[in-house]
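A short write-up of the structure that comes next.
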Amino acid sequence: MYLRKTKIIATLGPASCSEEMIARLINAGVDVFRLNFSHGSKESHVRNATIIREISKELNTSIGILCDLQGPKLRIGQFKNGQIELIKDAPFILDAECSLGDVNRVGLDYKNLPREVSAGTILLLDDGRIVLKVDKVIANEIYCTVKTGGLLSNNKGINRQGGGLSAPSITKKDEEDIKTAVSICADFIAISFPKSANDINHAKALIREAGGYAHVVAKIERAEAILALDEIIEVSDIVMVARGDLGVEMGDALVPGLQKRIIKTAREKNKVVITATQMMESMISSPIPTRAEVSDVANAVLDGTDAVMLSAETASGKYPIETVEAVHRVCLEAENEQERLQSEGFEEKTFTNIDESIAMAASYIANHLPIKAIASLTQSGITALWLSRANHHVPIYALSNESKTRRRLKIYRGVYPINLDSDTHDKNEILLIAEEAIQYQKYLKNGDMILITVGEPVGIAGSTNSLKIIKLGENSKSKNPQIVLS
């Protein structure tokens, strides 16, 4: 048997928000649940978070919660009859003053759009399915010609090809939703459409002001975000390759290369990365994925993504459990095929932190001794993060008595949190407890060689300063420790 390194994020929705389905999804392999604040009420998100916490406690496991803010989703208004059909080469008007649209015009939620476009601008509606070319702008009306037609229904999104719209990343709705996310102790909060590091820093300030500790996820989905990629990744805790809007603004042909660049850059900067959008899109209505989808998930794994995210597949699809099981299988096989190379660049790299040095030393040893696992005693999870950035094939068991740390660790590639139910500050005692906790995990047996990283003084975040190599069972006192993989 083999532990899956890549983590699975599943979006909750009408198809998956019951207690029974949440339990089944956890058992199928979900590590983090996404609450999509573009849909649903505050009450529904609070309810779902409560169920997740209760079910994960019953199952004796740690499950993360990611609250995904809506951001400045630019949308058209509504039609008298709910939808229209746009014909190629027909004229069409986007009218900021229109209340109910028809075949000739439709309103705008984003009232400033007429001041941000000009003749020649290409506007993409409904994720690029409808293409309009701007002919002229008169006051609050944008006169367009339909370049690609089709059915257009209420409240579909608008993107400008190449980006450039000035809508702020964090809206008034987002500010209120941040308060809700903090109230349910969200582990991760995703910021939609950030354009710069300032957007991420603003979000962090709002989270801290509300009393939250969530890690911030920067969703890379604007053309401007690509131009500011390094600075956005630098200030973020996690980045997401949000391929939907990114593909609309940048063009679909650029997305695969951008995905690889974002993952590579994030890993180089010791940041966690999520790959999202249409991972198993066909499984919304089919019990099996297409071969292209299988290859897509596998390639994200081979690129080094920490997690893959499912959206409508689990939120509203017919086969949420089957989808998670399919992603689990694909990740396992891709990881088995992945080339197991030791980390490169140790000779050239200069470490600025002792705990980072310990993590890299542990990774190097794992590639040169028959180490079966690395155990990291951690308060904040940072040593486990550094361990997960290195190229080695052994599982990383992160032992912590902090529940919020264990939930955050669920998104790190190759890291498996363990509840270390001890408050001792004695180094020798904590090492014995750690050994016993590891000894009774799946896939390990007496005599296996493991490596333990620990800090002294014990229990202080950022103090990891030593490592120890042991053989399981040599020092064990108990035959039934009450510590479980979570």
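Would you be so kind as to identify which of ASN81, GLY101, VAL146 lies farthest towards the positive end of the dipole of region 78-160, taking Lys and Arg as +1 and Asp and Glu as -1 on Cβ and the Cα centre as origin? Looking along the dipole axis, the top candidate is VAL146.
In this structure the amide hydrogen of ARG105, modeled in the peptide plane, comes within under 5 Å of the amide hydrogens of ILE93, none closer than 5 places in sequence on its chain.
For an R0 of 30 angstrom, estimate the FRET efficiency from the Cβ-Cβ distance between ASN60 and GLU429 and round to the nearest 0.05.
Working: r = 24 Å, r/R0 = 0.79.
Efficiency computed from Cβ-Cβ geometry: 0.80.
Rounded to the nearest 500, the 222 nm mean residue ellipticity of the chain from helices alone is -10000 deg cm²/dmol, with -39,500 (n - 2.57) taken per DSSP H run of at least 4 residues.
Full extension of the chain between GLN70 and ASN201 gives 45.4 nm of extra length, using 0.36 nm per residue less the Cα-Cα distance.
Summarising the label geometry, the points placed 7 Å from Cα in the beta-carbon direction at THR50 and ARG129 lie 3.6 nm from one another. Using Cβ point charges alone (K and R +1, D and E -1), the dipole size of the chain about the Cα centre works out to roughly 240 debye.
Our coupling estimate for region 229-238, obtained by passing each phi through the Karplus curve with A = 6.51, B = -1.76, C = 1.60 and θ = phi - 60°, is 4, 4, 5, 5, 4, 4, 9, 8, 8, 9 Hz, Gly and Pro reported as x.
Relative to a virtual label point 7 Å from the Cα of LYS80 in the Cα→beta-carbon direction, which members of region 95-138 show backbone nitrogen distances below 19 Å? Taking a point 7 Å out along Cα→Cβ of LYS80, the residues of region 95-138 whose backbone N falls under 19 Å are 95-108.
How much length is gained on full extension from GLU337 to ASN353, taking 0.36 nm per residue of separation minus their Cα-Cα distance? Numbers along the way, then the final one.
On the way: separation 16, 0.36 × 16 = 5.76 nm, distance 3.28 nm.
So the extension gain works out to 2.5 nm.
Label positions at LYS471 and LYS179, each projected 7 Å from the Cα along the C-beta direction, are separated by 6.1 nm.
Working note: Debye formula, equal point scatterers on the alpha-carbon atoms of region 78-160, no solvent; log10 I(q)/I(0) at q = 0.13, 0.23, 0.25 Å⁻¹ is -0.32, -1.13, -1.38. In this calculation the C-beta distance from LYS88 to ALA167 is compared with R0 = 35 Å, giving a FRET efficiency of 0.75.
Considering only ALA167, SER403, ILE9, and ranking their Cα positions along the charge dipole of the chain that arises from unit charges at the beta-carbon of Lys, Arg, Asp and Glu, the one farthest toward the positive end is ILE9. Dipole orientation for the chain: of the candidates ILE321, GLY247, SER183, ILE321 has the Cα lying most toward the positive pole (charges on Cβ; Lys, Arg +1; Asp, Glu -1). The simple spin-label model puts a point 7 Å past each Cα toward its Cβ; for LYS442 and LEU302 those points are separated by 2.6 nm. Multiplying the residue separation of GLU456 and LYS404 by 0.36 nm and removing their Cα-Cα distance gives an extension gain of 16.5 nm. Shape verdict for region 354-471, please, from the Cα gyration tensor: rounded (a/c under 1.5), prolate (a/b greater than b/c) or oblate. It is rounded, given that a/c, with a ≥ b ≥ c, falls under 1.5.
When only Cα pairs under 8 Å and 6 or more residues apart are kept, what is the percent relative contact order across the chain?
On the way: 1088 pairs, mean separation 68.7, N = 486.
About 14 percent, as a whole number.
For region 1-144, the C-alpha radius of gyration sits at 1.48 times the compact-globule guess of 2.2 N^0.38 Å, with N the residue count.
Values in this text are rule-based calculations from the coordinates and carry no lab data. In this text the structure is predicted, and so the values were computed from the model without any measurement. Positions of Cβ are backbone-derived with ideal geometry, glycine not excepted, and every protein chain shown enters the neighbour counts.
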